[in-house]
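The values are calculated or read from the model by the stated rules, or taken from the named source; none is laboratory data. None of these values were measured; they are calculated from a predicted model. When we count neighbours, we look across all protein chains shown, and the Cβ atoms used for this are built from the backbone with ideal geometry, even at glycine.
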Amino acid sequence: MKYTYQLDPVLLSDLQGKKETFWPNGLLKPFSPVESQGIIDAEQRLLRFAPYLKEVFPDTRKTNGIIESPIRYLPRMHEVMQGYYQTTIPGKLMLKCDNQLPIAGSIKARGGIYEVLKLAETLALKYRMLEKKDDYSKLANSTFKDFFSQFSIAVGSTGNLALSIGTMGAALGFKVTVHMSQEAKEWKKQLLREKGVGVVEHENDFSFAVEEGRRHCLKEEKCFFIDDENSKDLFMGYAVAGLRLKEQLKQEGIKVDQDHPLIVYLPCGVGGGPGGVTYGLKHVFGDYVHCYFAEPVNSPCMLLGLASGKHEAISVQDIGLSNKTEADGLAVGRPSALAGKMVRELLNGVYTVSDENLYKMLALLHESESISLEPSALAGMIGPAMPRIRAHLGSLSLTDDQLSRATHLVWATGGDLVPESIMQEYVTKGKRYL
Ligand SMILES: *Cc1c(COP(=O)(O)O)cnc(C)c1O
């Protein structure tokens, strides 16, 4: 029970009581431009790889090798939520469908795949097998696979990062070993083994799996460790989403400006995914975008790291929480050292959500819009219905008039690879709670 003295006692007691709660970020500052070269580099690197991705992953053909997901309106869910939670949600309700991202079926197809591609490019350039002006579809040739097979990649994961790194790394020819934490789902491990990825199972949590991955990798020659707790590359891969979303909203004729705020709700695990996306969105929309993170009541690591100012030096176990949640993608007890520091002046706040509410929203969304998400991906969904978030937006001087023109964008972070029978169990369980 360390470090608790700096937290507001009411907040601490809510957290320890596993009550859904909200922490408004007192460090939020009026926007000043962020360093954007990293985002632009990432966008350009992904463009160079597009011909390769298009060739190797047929599900990226319709987007010309660009890994991107659609946005869509949720008119029926909007009504259902207002009825179920007895509230009104002014403005439009939309979903960012990262559950449909090609190759990995989750938000990890942004950062994870980007970091592997960057590594592959760096090595191929260094060994003079590639020039930046080349057509990168040549990386699909066996010469490159043979070349990459002398290198290995290791990563620690609760499941989805392993799917993204494993799938991409194995396709390029790397030897990939994934270190899975205890909550990793069996079907995710199975899928990886089928792709020729080495799966090491740990009876411990995410932070432990990361440590083990790092330790094993250090002992090996030519092993690259992908560090979900501290990687700038992962972060910038996620941040590209901001540039992409700007184009998508424009195409839909959706304005984002003083009178049309964009409010974004992002499920948060270690923080790199939602942190990178927030960074990219702020770069594009500045003060007109408002970002909230969502965490399970048992795993509020980013909330704790930010609210205490301790970042990675505090864990949910330090305040007596178990870090046990059905939301495997969010089962992280200690936040990223990098992500919290990158977003501490950009983020509006963090709220927590119970597993029960995750399942309820899973069922409601499935029934109303026929969209199938994994439990983690529903954490953002309750945000637009939360009175405390509404009040917080008001405290930032957003008027009812402005809010009536708001776009609420819920970030759906995963689900497309979930086997049908397991999805059915999720829906059944959710309906029981309703
Ligand atoms: C990983 C993940 C997140 C959160 O990303 P972090 O980088 O861990 O914060 C959210 N949803 C799903 C489904 C994920 O797999």
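Quick notes
- Within the stretch 102-143, the set of residues being within 16 Å of the ligand (Cβ to nearest atom) and among the β-branched types (Val, Ile, Thr) comprises Ile103, Ile107, Ile113, Val116.
- Options Leu245, Leu262: the member that is over 20 Å from Asp41 (Cα atoms) and touching a residue at least 40 places away in the same chain (Cβ under 8 Å): Leu262
- Taking the numbered list (1) closer than 29 Å to Trp411 by Cβ; (2) touching a helix residue (DSSP H, G or I) at 6+ places or on another chain (Cβ under 7 Å); (3) not basic (Lys, Arg) in turn, Ser137 passes all entries but (1).
Conditions (1) among the basic types (Lys, Arg); (2) more than 23 Å from the chain's Cα centre (by Cα); (3) within 16 Å of the ligand (Cβ to nearest atom), marked per residue:
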| site | (1), (2), (3) |
| --- | --- |
| Glu374 | no, no, yes |
| Ala377 | no, no, yes |
| Gly383 | no, no, yes |
| Ala391 | no, yes, no |
| Leu403 | no, yes, no |
| Leu417 | no, no, yes |
| Lys431 | yes, yes, no |
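- The strands (runs of 3 or more DSSP E) found entirely in the stretch 115-215 that carry 1 or more residues being loosely packed, with under 15 Cβ neighbours inside 10 Å and out of contact with any His (no Cβ under 8 Å at 6 or more places or on another chain) are 198-201.
- For Gly65, the conditions (1) loosely packed, with under 15 Cβ neighbours inside 10 Å; (2) free of Cβ contacts under 8 Å to residues at least 24 places away in the same chain all hold with the exception of (1).
- On the stretch given as the stretch 146-166, residues that are more than 14 Å from the ligand (Cβ to nearest atom) and either in contact (Cβ under 8 Å) with a residue 40 or more places away in the chain or in contact with a helix residue (DSSP H, G or I) (Cβ under 6 Å, 6 or more places away or on another chain) (or both) total 6.
- Per-region count, the stretch 348-360, residues farther than 20 Å from Leu373 by Cα and either of a type in the set (Asp, Glu) or under 15 Å from the mean Cα position of the chain (by Cα) (or both): 1
- Where helices (runs of 4 or more DSSP H) sit wholly within the stretch 366-434, those with at least 1 residues that are within 15 Å of Leu93 (Cα to Cα), modelled with pLDDT of 95 or more and of a type in the set (D, E, K, R) occupy 387-395.
- Any chance Leu303 is modelled with pLDDT of 95 or more, within 13 Å of the ligand (Cβ to nearest atom) and in the same structural domain as Gly286 (by TED's automatic domain parsing): yes
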